[in-house]
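Below is one structure, written out as structure tokens; comments come after it.
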Amino acid sequence: MSVTARRVGLDAVLVECPSGAVARAVYAEVLRRVVAAVDVVPGATTILLDGLSDPQAVAADIETWVDIEAEPISRGPVVEIPTTYDGPDLASVARLWGMTTAEVVGTHRSLTFDVDFCGFAPGFAYCSGLPEHLRVPRLQRPRPRVEPGSVAVADLYTAVYPMASPGGWQILGRTSVSVWDPRGEPPGLLAPGTRVRFVDA
Amino acid sequence: MPDPHGRTASPERSLRVVQPGPLTTVQDLGRPGWAHLGVPRSGAADQVAHRLANRLVGNPEHVASLEITVGGLVVALECAVAIALTGARGSLRVNGRPREWGTALSLGAGDLVEIGPFESGLRGYLAFSGGVDCPTVLGSRSTDLLSGLGPAPLGEGQELRLGSAWGPPMEGTATQAPARDVVRLVPGPRADWFRASALGRLGSSAYVVEADSNRIAVRLSGPKLNRIDEAQLPSEGLVLGSVQVPPNGQPLVMLADHPVTGGYPVIGVVPAQDLALLAQARPGEPIRFSVVAGAEGATTGRR
């Protein structure tokens with residue numbers, strides 16, 4: 001599996017992967033091997049290792065990890081998100097996908113998503129798994145306020161809004177599950193590597 | 001409430017915020033280790049000044065201080081406490097009398113500490129023996145203006161608790177380290193997304209600090225940094241000091257509250273040691289970069 005390690009500043013390395021699936025595998029491998037980094041930050045197709053004492057050695061080492069399988073044998077836990085599908089964009093997503101709203105709900109529930117990375121806000125997990133023909137554009141005009149627990153789609157991702165924020169993703173429904181609690185252990189329910197299914201509320 | 005080090009704060013140690021100034025926040029060394037969950041590092045924008053202020057008053061460096069933006073903070077002390085002001089320079093008065101910058105001052109209950117508008121630098125750090133005590137979020141008391149974690153910026157009339165003193169304050173006045181006038185820039189990880197001229201421009205031109213700079217990023221304006229093409233970069237992790245270039249070609253340097261991932265290519269990274277200069281740069285001031293080879297012998301991929 002060919003990955004490329006790029007140096008970032010004086011003490012970080014960015015591992016570039018040919019796909020999101022390989023990036024997930026590399027992330028799992030970095031955690032398994034306990035690489036001593038202050039932060040390990042997955043991106044869509046990259047893994048950033050920040051705060052390394054010997055970045056050159058880590059960069060050289062990772063490029064020798066040729067035995068990484070695209071899908072790791074031991075994958076992350078599956079988290080189920082009970083969801084009520086009554087979101088304001090359900091009808092427009094149905095038009096986009098050429099389906100009834102019931103079929104949109106059935107499709108969203110049938111998929112198992114992978115948390116590729118977090119960003120935008122604490123606990124906001126980019127869950128990949130929509131197939132290419134179901135790609136969803138962001139809203140032309142983002143909403144000034146999206147409620148916490150909103151279950152939404154954009155691009156090839158789905159996400160659960162962890163807290164009230166502005167947002168441009170298309171909202172399919174809502175969940176009462178809290179995906180972000182700074183006092184929780186862990187504080188984020190949907191860490192990278194987690195698999196996610198949406199189920200009947 | 002016991003702090004992470006097991007000491008119990010003394011409830012009688014406190015101060016009152018008479019005037020918060022335009023923006024004063026509680027800052028410590030931030031929340032490293034949570035970036036994978038989307039949590040910014042946060043913490044003092046000028047860590048050198050924050051650490052110095054703590055050492056002067058006898059605190060360990062991780063203890064929370066006040067980060068004063070632009071100046072204008074007035075506090076009334078309600079206990080005996082040592083204070084020290086570092087970072088940006090401006091007038092410091094106690095009960096109306098001018099006092100020294102960069103020196104531990106032993107003060108008492110009822111003393112009024114007034115910090116005027118800063119004359120040089122942008123962010124002052126006011127440390128108190130024992131440190132500012134407020135609830136921690138993910139191990140830190142820092143206010144994160146991007147994600148909203150940590151305490152709100154200081155408000156008028158607010159009471160702030162202080163922890164119990166750690167050790168005696170230092171004697172003497174801090175000598176300000178000679179200011180670097182150029183900021184080092186280590187090229188990459190995405191320097192190859194730019195035309196060959198871009199790094200040269202960045203290293204040979206003055207870039208001016210824009211007024212909408214904040215704790216998230218220092219926005220700069222200057223000669224445009226041209227991309228090779230308009231390819232989209234999938235979101236990837238950002239480090240502190242990343243110089244991101246959006247499509248308008250004007251660079252922005254990631255500061256303490258920067259987002260953990262971003263979708264604009266990073267042409268280079270300012271080493272943490274040089275970020276104090278950026279954190280202290282005022283709108284309208286020029287920044288000069290010096291492009292250095294930071295990663296000799298590094299494996300750098302080429303597209």
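The values are calculated or read from the model by the stated rules, or taken from the named source; none is laboratory data. Everything quoted here is computed from the prediction, not taken from an experiment. Ideal geometry is used to build each Cβ from the backbone, glycine not excepted, and the neighbour counts take in all protein chains shown. We work out accessible area using only protein heavy atoms, side chains counted, and drop any ligands, DNA or RNA first. Shrake-Rupley method; radii C 1.70, N 1.55, O 1.52, S 1.80 Å.
Quick notes on this one:
- Taken as a whole, the stretch A:150-168 holds at least one residue that is open to solvent by 20 Å² or more (accessible area, probe 1.4 Å), within 12 Å of chain B (Cβ to nearest Cβ) and of a type in the set (D, E, K, R).
- Hits in the stretch B:119-178 (condition: assigned to a strand (DSSP E or B) and of a type in the set (Gly, Ala, Ser)): B:120, B:121, B:124, B:127, B:140
- Counted residues, the stretch A:25-62 - those being open to solvent by less than 30 Å² (accessible area, probe 1.4 Å) and either under 14 Å from residue A:116 (Cβ atoms) or aromatic (Phe, Trp, Tyr) (or both): 11
- Complete set of residues in the stretch A:171-201 that are more than 14 Å from every other protein chain (Cβ to nearest Cβ) and open to solvent by 20 Å² or more (accessible area, probe 1.4 Å): A:174, A:176, A:177, A:195, A:197, A:199, A:200, A:201
- Filtered residues of the stretch A:1-55 (kept if facing chain B (nearest Cβ under 8 Å) and β-branched (Val, Ile, Thr)): A:4, A:8, A:38, A:40, A:41, A:45, A:46, A:47
- The set of residues in the stretch B:196-207 that are out of contact with any helix residue (DSSP H, G or I) (no Cβ under 9 Å at 6 or more places or on another chain) and either without any contact (Cβ under 8 Å) to a residue 12 or more places away in the chain or not aromatic (Phe, Trp, Tyr) (or both) comprises B:196, B:197, B:200, B:201, B:202, B:203, B:204, B:205, B:206.
- Positions within the stretch B:86-130 being closer than 14 Å to residue B:169 by Cβ, in contact with a Ser or Thr (Cβ under 7 Å, 6 or more places away or on another chain) and open to solvent by less than 30 Å² (accessible area, probe 1.4 Å), in sequence order: B:102, B:103, B:126, B:127, B:130
- Set B:266, B:291: member being under 19 Å from residue A:12 (Cα atoms), modelled with pLDDT of 95 or more and surrounded by fewer than 20 Cβ atoms within 10 Å (Cβ to Cβ): B:291
- Residue B:281 passes every criterion in (1) away from chain A (no Cβ under 14 Å); (2) of a type in the set (A, V, I, L, M); (3) in contact with a Phe, Trp or Tyr (Cβ under 9 Å, 6 or more places away or on another chain) apart from (3).
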